[in-house]
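Here's the structure we're looking at; comments come further down.
The values are calculated or read from the model by the stated rules, or taken from the named source; none is laboratory data. Just so it is clear, the structure is predicted and the values come from calculations on it, not from any experiment. All Cβ positions, even for glycine, are placed from backbone atoms using ideal geometry, and neighbour counts span all protein chains on display. Note: areas computed on protein heavy atoms with side chains; ligands, DNA, RNA excluded. Shrake-Rupley method; radii C 1.70, N 1.55, O 1.52, S 1.80 Å.
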Amino acid sequence: MTPVLPGAVRAVLCASAGGEPVELRARLEKSARDDPRLGSERAEAELAAELASRWRVDLERAGVAASLLPPVVRAARHEVWLWVMGERTWRHTVEALAGRVDRRCPG
């Protein structure tokens, strides 16, 4: 496998993240307002699944297992919470998560 340049995976993931999943965010915000602890856990799991779906091909090309996403999203739970509650933009959240993935890439 070709070594991955630092920052390269972040750039590719940011470009392939697509638009904000508005319905997902609305559902997660309602869940978080109903029960913050369970809502936070649900947000982490559902956002990791959403990004795994969107980033699958790019992660494979970079030699990164999609199973890395749940712990990355969990480690960024504060950023995720702020996105769910409307305090952070989708772009900001994606950039933060893509940067965390990039730092864990082989190479």
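Could you please find all residues in the range 22-44 being open to solvent by 60 Å² or more (accessible area, probe 1.4 Å), among the hydrophobic types (A, V, I, L, M, F, W, C) and more than 16 Å from E87 (Cβ to Cβ)?
L38
Can you pull out every residue in the range 45-63 that is charged (D, E, K, R) and either open to solvent by 40 Å² or more (accessible area, probe 1.4 Å) or at positive phi (or both)?
Once the filter is applied, which keeps residues that are charged (D, E, K, R) and either open to solvent by 40 Å² or more (accessible area, probe 1.4 Å) or at positive phi (or both), the range 45-63 yields E46, E50, R54, R56, E60, R61.
Given the criteria within 18 Å of R10 (Cα to Cα), open to solvent by less than 40 Å² (accessible area, probe 1.4 Å), free of Cβ contacts under 8 Å to residues at least 40 places away in the same chain and of a type outside the set (V, I, T), does A66 qualify? Talk me through it step by step, then tell me what you get.
Numbers: within 18 Å of R10 (Cα to Cα): yes; open to solvent by less than 40 Å² (accessible area, probe 1.4 Å): no; free of Cβ contacts under 8 Å to residues at least 40 places away in the same chain: yes; of a type outside the set (V, I, T): yes.
Spelling it out, it is not the case that A66 is within 18 Å of R10 (Cα to Cα), open to solvent by less than 40 Å² (accessible area, probe 1.4 Å), free of Cβ contacts under 8 Å to residues at least 40 places away in the same chain and of a type outside the set (V, I, T).
In the range 80-107, which residue that is under 10 Å from the mean Cα position of the chain (by Cα) and open to solvent by 10 Å² or more (accessible area, probe 1.4 Å) is farthest from K30 (Cα to Cα)?
R100
Among (1) open to solvent by less than 40 Å² (accessible area, probe 1.4 Å); (2) out of contact with any helix residue (DSSP H, G or I) (no Cβ under 7 Å at 6 or more places or on another chain); (3) in a loop (DSSP other than H, G, I, E, B), where does G19 come up short?
(1)
Based on this model, can you work out whether S53 counts as at pLDDT 95 or above and over 20 Å from G99 (Cβ atoms)?
No, not satisfied.
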